[in-house]
Amino acid sequence: MAWMAWTWPTAIFFMVIASLLIIFTMLAIRYPETPRVGVLRIETTRGDRLFITLLGSAFINLAWLGLVGANQPFALIVCLIYAAAVFRWV
């Protein structure tokens with residue numbers, strides 16, 4: 001595994017993603033939901049909104065690196081605000 005250049009931030013990132021998937025699976029089993037229509041006018045479930053959040057957060061971080069530089073903690077704040085908006089209105 002040394003060739004993959006695993007670092008603690010990389011490991012934490014994948015642990016967070018795995019934890020989110022486990023939590024959302026347990027939520028889906030315990031509290032099934034019906035899809036809802038938000039501002040995008042498409043039916044979404046919790047899992048769909050999680051995917052939209054992760055995809056959007058990746059683009060936010062890439063744009064932040066390109067436009068602002070390597071000060072990523074502030075990009076995390078923007079991503080958290082974006083995630084709250086997606087889960088509220090999408």
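Observations on the model:
- Taken as entire DSSP H runs, the helices of the chain that both span 15 Å or more between Cα atoms along their own long axis and average 1.0 or more on the Kyte-Doolittle scale are 8-30, 72-89.
- Each Lys and Arg Cβ is given +1 and each Asp and Glu Cβ -1; about its Cα centre, the chain then shows a dipole of about 180 debye.
- In the chain, the calculated helix contribution to ellipticity at 222 nm averages -24500 deg cm²/dmol per residue, counting -39,500 (n - 2.57) for every DSSP H run with n ≥ 4.
- Each residue, A5 and R46, gets one label point 7 Å from its Cα in the Cβ direction; the gap between the two is 3.6 nm.
- Protein accessible area in the chain, 1.4 Å probe - carbon and sulfur %: 76
- When Rg and Dmax of the Cα atoms in Å is calculated for this entry, the matching label among [x] 12.1, 38; [y] 15.4, 46; [z] 12.7, 40 is [y].
The values are calculated or read from the model by the stated rules, or taken from the named source; none is laboratory data. Just so we're clear, the structure is a prediction, and the values are computed from it rather than from any experiment. When we count neighbours, we look across all protein chains shown, and the Cβ atoms used for this are built from the backbone with ideal geometry, even at glycine. Just so you know, the surface numbers come from the protein's heavy atoms only, side chains and all, with ligands and any DNA or RNA stripped out. Shrake-Rupley method; radii C 1.70, N 1.55, O 1.52, S 1.80 Å.
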